[in-house]
1. On the given criteria, is B:N184 among the polar types (S, T, N, Q) and closer than 24 Å to B:R530 by Cα?
2. Report yes if B:G453 is surrounded by 15 or more Cβ atoms within 10 Å (Cβ to Cβ), touching a Leu at 6+ places or on another chain (Cβ under 7 Å) and either assigned by TED's automatic domain parsing to the domain that holds B:G379 or not in a helix (DSSP H, G or I) (or both), otherwise no.
3. In this structure, does B:I15 turn out to be β-branched (V, I, T), buried (at least 19 other Cβ atoms within 10 Å of the Cβ) and either farther than 22 Å from B:F293 by Cα or modelled with pLDDT under 95 (or both)?
4. Being under 30 Å from B:A631 (Cβ atoms), under 23 Å from the mean Cα position of the chain (by Cα) and not assigned by TED's automatic domain parsing to the domain that holds B:A434 is true for just one of B:T493, B:T531. Which residue is that?
5. Here are some residues: B:I236, B:I198, B:I208. Which one is in contact (Cβ under 8 Å) with a residue 12 or more places away in the chain and touching a Cys at 6+ places or on another chain (Cβ under 7 Å)?
6. For residues in region A:61-101 being among the acidic types (D, E) and at the interface with chain B (Cβ under 10 Å from one of its Cβ atoms), which is surrounded by the fewest Cβ atoms within 10 Å (Cβ to Cβ)?
7. Which number in (1) surrounded by fewer than 21 Cβ atoms within 10 Å (Cβ to Cβ); (2) within 12 Å of another protein chain (Cβ to nearest Cβ); (3) touching a Pro at 6+ places or on another chain (Cβ under 6 Å); (4) closer than 30 Å to B:S294 by Cβ marks the one condition that B:R27 misses?
8. With region B:560-672 as the region, which strands (runs of 3 or more DSSP E) entirely inside it contain at least 1 residues that are buried (at least 20 other Cβ atoms within 10 Å of the Cβ), within 14 Å of chain A (Cβ to nearest Cβ) and in contact (Cβ under 8 Å) with a residue 40 or more places away in the chain?
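The values are calculated or read from the model by the stated rules, or taken from the named source; none is laboratory data. Just so it is clear, the model here is predicted, and its values are computed rather than measured. Heads up, the Cβs are rebuilt from the backbone with ideal geometry, glycines too, and the neighbour counts pull from every protein chain shown.
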Amino acid sequence: MGDKNKADTSLNPKQRSRREFLENAGTTAALASAVPVLGISTAQAQSDTESTAAKTRIQLTVNGSRHSVDVEDRWTLVEVLRDQLDLTGTKIGCDRSECGACTVIMNGKPVYSCSQLAVWADGAQVTTVEGLASGGQLSAVQQAFVENNGPQCGFCTPGQLMTATALLSNNATPNADEVKQALVGNLCRCSNYNAIVEAVVMAGERSGGAA
Amino acid sequence: MSEAIHIGLDPLNTIGNATARVDAVERVTGEAKYSRDFKLPGMLYAQILRSPHPHARIRAIDTSAAEALPGVRAVITGDNASVVWGAGSVSGGRQYNDPTKDATLHRRYIFNNPLRFVGDSVAAVAAIDRHTAEQALALIKVDYEELPFVLEPEAALEPGAPQVWPDGNLCPDFRNNFEPMVSNLGDVEAGFAEADQIFEERYETSFIHNAQMEPRAALAHWEADKLTLYSPTQGISNCRHDTARDLGLQDHQVRIICNYMGGGFGNKNQNQDADLVAATLSKQAGAPVMLEFSRRDDWLGVHGRWPTVQYYKIGAKNDGTVTAIQMRGYSGMGPYRKNSGGISGMDVYACPNRLRSISPVYTNRTTSGNFRAPSEPHGFYGVESMMDEVAYKLGVDPVEFTLKNMRRPTDDQPFTNYSLDEVITRGAEQFDWASRRKTTPGSDEGPIKRGSGFSFMMFRAGVGTSSAIVRVDAQRQYTLFVGVTDIGPGAKTTMGMIAAEELGVPLDQVEVVAGDTDRCPYSVGESGSRTTIQTGYAVMQAAKDLNQQIADSGMPTGSDVLIASATPNPSTDGKTRQCFGAHFVEVEVDTRIGTTRIVKYTTVHESGRIINPTTARDQIRGATLQGIGQALHEDLLYDPASGQPLTTGYYRARHLTHLDIPEIDVTFIEVDDGYGPFGAKTAGEAGIILAPAALANAISNAIGVRMTSLPISRDKILEAMA
């Protein structure tokens, strides 16, 4: 996060482009997204410790609940989820689109929430790992992860689960190659890849699309 | 799903049955709280300013503008925060030893001057949010005097090389002796004289970042003179002791909490500078402080496996008998000797004449330290590549060559058991070694060439001390208190299974309390593959004690409880205790573009009795894949002109992704040698030791050229084929 203050010899164009987004794109998006709020929960920072940076109010639906949040232009979606909404299941592994630990489903698609500005999420439908189970029942892919040791350290697990969930909603019974293609953006340094792929295939076979 | 094959022992009541983790639901629902997931009232966020230079002296630091920024609550530098980080520096592999940390000449502080690598900490800021902290870093003005730097260990030992420390670049050991680590057995010169042929080669291996998914973080919180640290550590007890010593506190004044942590593979042992920086900022600011490393902070500010250069000289008779093994090695430690710099491997051979000399060397690269099997994968790659070459040059099958030359129990040094013959023979059979390997390396016609390689090992599985407490209440609910943190292998579950087995109750009747030094007794720390053996044995003994108490006085009633604790210090009665393994791999190398594809990968391990088949299977598969990444891709490249690191991240270091993953066949030969908990041995580090050697041998078998440098990346294969 402090990278830009250092003599960074970064050659990663992804990182560069994201930084330019963060520095240049925020203002425009903020102007376009100011909307009124009526009778929905508002997350606020403590007033005595609040940053003086300008904020924009956004509304988003996370795991079925509507939220209105005043966000700084420089905040990313994962910061809003973790810091403002206390949904800490979504992890920050690299904060620069490399590892996939922060993957959430936004408007039906898996995205890296570290690389989505919060203002871009105005009006969005977001699902995080906390939203996968319903009524105390694990989803099919969560259950398969439990049974086939999907998590080792577990830090990449929420991201793997979100991408797998998005895959299963488009392809009910993926084979191992299709799972690998879909999950290529989710790294696991425990290298528990075999078990993860087996679990996703198993979830598809069991539920036949009801995941 | 793909299950491991288990041969030799039947499952017990709980142990040996495939078991879901006791905390699996928390791990798949996002309920599991990692260090950065905690938030305390009034919590500040911290960032570290890091050196942009590989070697520089700080002439002056001006923090006034940073301090004046609204929202900044504390700024610390070497000028106002002189805190020794004992575990960060010279330990010579004795990192658990307080006298070593006190005696060392080369002391490391949380802020050092001169700065000795790109990423060395210069200053730290705590502010009301992370963006304000980040802004404040940009306002710190540092006047650097740039100094000459050196990146390569051999160059660092040349006369006139830039000096990382004033005493020269050969690292001192824990007694401040500036000498290589030498082990000398028999008479190597006599062994060479006895040989029909002499073989010599230079091997080199790269820096491998541990690259765990969770970047380092620390949340520090003081209540009066008691410090609570939420820190991702592999050993809460060691972390507490180290932190207390570094801050001048007693152990009981520090509480470490770590219920979940996102991997470490050896770089979250002990305490870290992050713990000390967060604690110091928190003290100064009078508020809880959360220090979060970025991925780049983590890549440069923590550590990875030391890069090595290894010169081998082997003497052998024409009948395939090895008569002498000599290795002179250099390990690049970065500017602080955090761990040993060891290069293992030659001791798996029976040859009576062995001479090894390793020089751990200071450089201006980032710090090196322990990575899963700290001394092994690079060392086994070197020596087993060497032996593979000798075998083919002598016209001997490498498996036959190994069976002839590998170390075996002797009358002088008995083993608790020995399975290497069975491990190798079974692996060769399952893999179909005889028909897959190329008798003449590189003999495939055409640009796409197949070949097969093999490697074998034995690795320490010694016993040792640790502690556990077990309690039962009147409702027959059992609670197990163990100081494990569960870094990924599933220690909470394994400990619970051992307790359930010994207590004769189902696993769901045992609650496992872990990851908090105020609630749990000492545990050895999840490093060195010791937790199952050592803490597991303590669990077993505490449960035996509790069973005895129940037999003597009956189950407790009302609000009574029975409590048993154990801190056993077992021995192996003078016998060597080892785990064993062999890996066989077939590859397909496209010599036009230099890519390597794994066609078949077979592993056979004897790790004693397997407690949980599910997690043990994935320890082998995961570690093997990490070793494959080391063999084919990973490196931390530096620009020689500027001393700047170039591959500080997952993409740039080319870590394996889902698309790179082959099937890994796992077979466990199970044995109960009568030691450890129910005969359990080392598993966590076993898989990574063999992958680089097996893969390198397979590639050489395919293309007919010996690959002497890791990683065996595409450019090196193209160069070899040119």
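1. Here the answer is no, as B:N184 does not meet what is asked.
2. Against the criterion (surrounded by 15 or more Cβ atoms within 10 Å (Cβ to Cβ), touching a Leu at 6+ places or on another chain (Cβ under 7 Å) and either assigned by TED's automatic domain parsing to the domain that holds B:G379 or not in a helix (DSSP H, G or I) (or both)), B:G453 qualifies.
3. Considered against the rule, which asks whether it is β-branched (V, I, T), buried (at least 19 other Cβ atoms within 10 Å of the Cβ) and either farther than 22 Å from B:F293 by Cα or modelled with pLDDT under 95 (or both), B:I15 comes out as yes.
4. B:T531
5. Sole residue among the options that is in contact (Cβ under 8 Å) with a residue 12 or more places away in the chain and touching a Cys at 6+ places or on another chain (Cβ under 7 Å): B:I236.
6. Applying the filter and picking the extreme gives A:D86.
7. The single condition B:R27 does not satisfy is (1).
8. B:595-606, B:665-669
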